[in-house]
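The values are calculated or read from the model by the stated rules, or taken from the named source; none is laboratory data. Worth saying up front: this structure is predicted, and the values here are computed from it rather than measured. Cβ coordinates were reconstructed from backbone atoms using ideal geometry, including for glycine residues, and neighbour counts include every protein chain displayed. Please note that ligands, DNA and RNA were not included when accessible areas were found on the heavy atoms of the full protein model with its side chains. Shrake-Rupley method; radii C 1.70, N 1.55, O 1.52, S 1.80 Å.
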Amino acid sequence: MGTLEFLGTGTSTGVPMIGCRCSVCSSKDPHNNRLRASALVKIKGKVILIDTGPEFRLQALRANLTAVDGVLLTHTHADHVAGFDDLRAFNFVNGERVKVFGSPETVEIIKHNYSYIFGEAIQVGGGLPKIDLIASRDTFYIDDIKVTPIPIWHGKVLVYGYRIGKMAYVTDFNRLEGKSLELLKGLDLLVLGALRYRPHATHLNIDQAISLVESLQPQRAYFTHLSHDIEHERVTRRLQNNIFLAYDGLKLSFQD
Ligand SMILES: [Zn+2]
Ligand SMILES: [Zn+2]
Ligand SMILES: [Zn+2]
């Protein structure tokens, strides 16, 4: 068995959104409080983090996270990587480099955006993160844990979800092709990004996510990357059977 903990379930703005006075943003229900999307997988004694969003430091503290065996990046939008520099805390605590995996495109953009880490050193020392960036589009291993990248289309940008055992975490996308559908068969737990009810150019909406769940037939599906259009309790009542809304702090187990 593995476990997946949702460290954040919000879309790029988070919920509440700065300056918004809507009923969800001002809700007292903690299920409507969503940090930016990220998840923590624990399996066979290993700890794997998915994405390092702007609230990564806060999420790591909340989850009592002190070390990771690997970090998986889905893509380089700020809501998924802007806490990247905070990975250096693991260097300080454990004296070890951190392994970060992403597609070749993701790795190139990270190197460019964080040139002070990966470029010519202007200054040595001073707390630079010690990170090994590893590019892969194909199945790879973190120690003995098999990780399969799932290619998905986020508008015109090719990004990735990940499958570990019978769990897949697939957030920012609105389209996927045959090979990826195959990689998502036979799941115990499917996590999908499902932004809101209204259509969106680069994300699935709730109805599209439900259709995908119906065609893939996982045991259970949880929706994440939710906007402030989604009131937890009201939308939960509309969902059927094996489909649920995720919320920050929710922990689920899955078959490996
Ligand atoms: Zn996102
Ligand atoms: Zn709002
Ligand atoms: Zn995105």
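Summed over the range 145-193, residues that are part of a strand (DSSP E or B), more than 15 Å from ALA39 (Cβ to Cβ) and within 14 Å of ligand 3 (Cβ to nearest atom) total 7. Apart from one condition, ARG196 fits all of (1) in contact (Cβ under 8 Å) with a residue 24 or more places away in the chain; (2) open to solvent by 50 Å² or more (accessible area, probe 1.4 Å); (3) out of contact with any strand residue (DSSP E or B) (no Cβ under 7 Å at 6 or more places or on another chain); the exception is (2). Answer with yes or no whether ARG21 is more than 16 Å from ligand 3 (Cβ to nearest atom), basic (Lys, Arg) and either in contact with a Ser or Thr (Cβ under 8 Å, 6 or more places away or on another chain) or part of a loop (DSSP other than H, G, I, E, B) (or both). Yes; evaluated as a whole, the condition is true for this residue.
Checking ASP29 against (1) within 16 Å of LEU226 (Cα to Cα); (2) of a type in the set (Asp, Glu); (3) in contact with a strand residue (DSSP E or B) (Cβ under 7 Å, 6 or more places away or on another chain), which test does it fail? Condition (3) is where ASP29 drops out. Any chance the range 103-119 includes a residue that's basic (Lys, Arg), outside any helix (DSSP H, G or I) and either within 16 Å of ligand 2 (Cβ to nearest atom) or open to solvent by 60 Å² or more (accessible area, probe 1.4 Å) (or both)? For the range 103-119, residues basic (Lys, Arg), outside any helix (DSSP H, G or I) and either within 16 Å of ligand 2 (Cβ to nearest atom) or open to solvent by 60 Å² or more (accessible area, probe 1.4 Å) (or both): absent. The set of residues in the range 128-172 that are touching a residue at least 60 places away in the same chain (Cβ under 8 Å) and either surrounded by fewer than 16 Cβ atoms within 10 Å (Cβ to Cβ) or in contact with a His (Cβ under 9 Å, 6 or more places away or on another chain) (or both) comprises ASP143, ASP144, HIS154, VAL157, VAL159, TYR160, THR171, ASP172.
On inspection, ASP248 fails the criterion of being farther than 15 Å from ALA39 by Cβ, of a type in the set (Asp, Glu) and open to solvent by 20 Å² or more (accessible area, probe 1.4 Å). Among the residues making up the range 225-249, a single one is aliphatic (A, V, I, L, M), over 21 Å from the mean Cα position of the chain (by Cα) and not in a loop (DSSP other than H, G, I, E, B): VAL235. Of the residues in the range 48-61, none is part of a strand (DSSP E or B), away from ligand 2 (no atom under 16 Å from the Cβ) and surrounded by fewer than 18 Cβ atoms within 10 Å (Cβ to Cβ). Among the residues of the range 12-50, those identified as within 11 Å of the chain's Cα centre (by Cα) and within 16 Å of ligand 1 (Cβ to nearest atom) are ARG36, ALA37, SER38, ALA39, LEU49, ILE50. Looking at ALA67, ALA78, ALA82, just one residue is open to solvent by 10 Å² or more (accessible area, probe 1.4 Å), more than 29 Å from VAL235 (Cα to Cα) and within 16 Å of ligand 3 (Cβ to nearest atom), and that residue is ALA82.
Of the residues making up the range 67-77, just one is over 12 Å from the mean Cα position of the chain (by Cα) and either farther than 23 Å from LYS146 by Cβ or assigned to a strand (DSSP E or B) (or both), namely GLY70.
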